[in-house]
Amino acid sequence: MNNLVTDGKILFSREESSAEETELFRYTHPITNDYTVHWKEKLGTGISGPVRPCVHKASKTRYALKCLPDIPKSHTEVNLHMKCSNHPNIVKVFDVYTNDVQFPGEEQAKSRVLMVLEFMEGGELFDRISKESGFTEKKAARFLKQIALAVHRCHHLNVAHRDLKPENLLLRDNSEEAEVKLTDFGFAKVDDGNLQTPHFTPYYVAPQVLEAQRHKAKQKKGIIQTNKPYTYDKSCDMWSVGVILYIMLCGYPPFYSETPSRTITNEMRRKIRSGHYQFPEEDWSFISEDAKDVVKRLLHVDPSCRMDINELLTHTWLNDAPDTVLHSPAVFIDKDGMEDVKLAHSQHLTEMRVPDTTVTLKPLTNTNNPIFRKRKLRQNSIEETKGSCEPLTKVKDNNVKVKPLRDIIAYCILPPKVDDHEKTLNNLVISAIQSVGLTDQFSKVLKQWQWDGAQFKTKVEKSKFAHELGQIVKDMTRLHSHV
Ligand SMILES: Nc1ncnc2c1ncn2[C@@H]1O[C@H](COP(=O)(O)OP(=O)(O)OP(=O)(O)O)[C@@H](O)[C@H]1O
């Protein structure tokens, strides 16, 4: 990023911004000077903790506040969200603060990035659909078009979102014409098809990267007659749009396991890899061929053959869908079933994400992994209390308890360069057990890789582990809804 840092503000240089000139600021003075934050309320919860309501003191306008740790991953999230933000189908970022914040239970204040977001009063898209009477293909196409426009905005700026899922599609308000907007750029990444990254290390190469290289070689030899760069991450977004559309049309996902489970099964993984899904006659016979055509072209198993965002936006169905009434709202009413659908989609997204080869893995001493940072801070007795936000010290925050679980998740998603990965992971798990205790859910997850109380006896699948811990975090913070 070509950021110019001046007086605590971050200005995006013109070449990094979109067509219009964008000037974005990051404040360092306390957010509480400008906003009243309702720390005890929450609008929703994700891996990074609760999203809370706040009110701009001068205008009395309501916003949503997302609180992130001040680490490079969060900076990427903020930067890419801001970059894509100026669009009717993307949740707007209004202000960003970097404040030292101390939550109750924490030994000291920590630097945090606070994102003030447009308040999405209408909640999540699928919750809305479940309440619709007379939900038609036409309405589904209207929603899909808005999702597609959001994706187009991102892809046009060479940003792949990589976390397109129902929870990240929110409605502006509860009106009939409310727009759908995309949020959560926590996994977004620049994807311009250029894979010649200087930090390329063979040990971290995902199969998809090798696939992309093969694609490039074939292009060079003229075996593939296209000059389109192979943008794997963007094509994953298109796959997600396909899954979301399939669910909107019939109420259940295209890939599901015969044996219901909270985790993605090998059977489901096989089905996804082979592109094996069906349009069961009883639910799909009345759905238009055009709608099925969009699904088929989005769920094409070969990412390089999948429809891209421009092709989707010009598809007939998006602009001329029939008034056929769909049965999906009735299926959405089963909340537990819906949670399983979301979890399976989310897990598959984790598996599809190509590890970021442009990130230089830092030595342990420099790492920003929260747990190592905490230790380092303790060693150096660095005082971080300056400028901490007053109200937080009064909030009873159960998120502190799950913090070690979030540390493991961060470690699994982007492992730093350490000498002994197994030992590091074992230590993180021990800290988490000390903090949250061995709950049934946590024990079950650990058992899969034969945790013996001190170490794992088999190799841990990091992405799967991270996802399962993510579910525990969500469940635990959901149980404590007053946080
Ligand atoms: N601008 C907003 N207005 C209203 N509610 C919001 C807003 N942003 C987020 N939420 C609620 O908070 C939830 C979590 O937000 P978000 O997805 O940004 O957090 P996250 O920690 O990145 O989540 P994830 O676990 O999906 O990565 C959303 O699913 C939604 O219910």
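The values are calculated or read from the model by the stated rules, or taken from the named source; none is laboratory data. These numbers were taken from a predicted model, which means no experiment stands behind them. Note that each Cβ is placed from the backbone with ideal geometry, even for glycine, and that neighbours are counted across all protein chains shown. All accessible areas refer to the heavy atoms of the entire protein, side chains included, with ligands and DNA or RNA removed. Shrake-Rupley method; radii C 1.70, N 1.55, O 1.52, S 1.80 Å.
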Fill in: Residue among SER85, SER48 that is within 15 Å of the ligand (Cβ to nearest atom), of a type in the set (Gly, Ala, Ser) and open to solvent by 30 Å² or more (accessible area, probe 1.4 Å)
SER48
Worksheet item: What is the one condition in (1) within 11 Å of the ligand (Cβ to nearest atom); (2) surrounded by 20 or more Cβ atoms within 10 Å (Cβ to Cβ) that ILE129 does not satisfy?
Response: (1)
Discussion item. As an exercise: evaluate PHE185 against (1) open to solvent by 20 Å² or more (accessible area, probe 1.4 Å); (2) in contact (Cβ under 8 Å) with a residue 60 or more places away in the chain and give the number of the one condition it does not meet.
Written reply: (1)
Practice prompt. Exactly one condition in (1) modelled with pLDDT under 50; (2) not in a helix (DSSP H, G or I) is not met by GLN379; state its number.
Written response: (2)
Response to the item:
Listed by first then second residue, the pairs whose first member lies in region 44-56 and is touching a residue at least 40 places away in the same chain (Cβ under 8 Å) and of a type in the set (S, T, N, Q), whose partner is more than 9 Å from the ligand (Cβ to nearest atom) and assigned to a strand (DSSP E or B), with beta carbons under 8 Å and at least 6 positions apart or on separate chains, are SER48/CYS67; SER48/PRO69
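Please find, within region 97-110, the residue that is farthest from the ligand (Cβ to nearest atom) out of those that are modelled with pLDDT under 90 and in contact with an Asp or Glu (Cβ under 9 Å, 6 or more places away or on another chain).
The initial filter retains those residues of region 97-110 that are modelled with pLDDT under 90, namely 101-110.
Filter once more, keeping what is in contact with an Asp or Glu (Cβ under 9 Å, 6 or more places away or on another chain): 102-106, 108-110.
Numbers: GLN102: 20, PHE103: 15, PRO104: 20, GLY105: 19, GLU106: 18, GLN108: 23, ALA109: 21, LYS110: 17 Å.
The selected residue is GLN108.
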Worksheet entry | Scan of region 57-81 for residues that are more than 14 Å from the ligand (Cβ to nearest atom) and either under 23 Å from ASP191 (Cα atoms) or part of a strand (DSSP E or B) (or both), ordered by number | PRO72, HIS75, ASN79
Fill in: Condition broken by PHE94, with the remaining ones in (1) within 11 Å of the ligand (Cβ to nearest atom); (2) open to solvent by 10 Å² or more (accessible area, probe 1.4 Å); (3) outside any strand (DSSP E or B); (4) not hydroxyl-bearing (Ser, Thr, Tyr) satisfied
(3)
Discussion item. Checking the structure you have, find out if any residue of region 60-72 is among the hydroxyl-bearing types (Ser, Thr, Tyr) and more than 17 Å from ARG172 (Cα to Cα).
Written reply: no
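What's the total number of residues in region 155-176 that are more than 12 Å from the ligand (Cβ to nearest atom), in a loop (DSSP other than H, G, I, E, B) and modelled with pLDDT of 90 or more?
First pass over region 155-176, keeping only residues more than 12 Å from the ligand (Cβ to nearest atom): 155-160, 174-176.
From what's left, in a loop (DSSP other than H, G, I, E, B): 157-158, 174-176.
Next cut, modelled with pLDDT of 90 or more only: 157-158, 174-175.
Looking only at that region, the number is 4.
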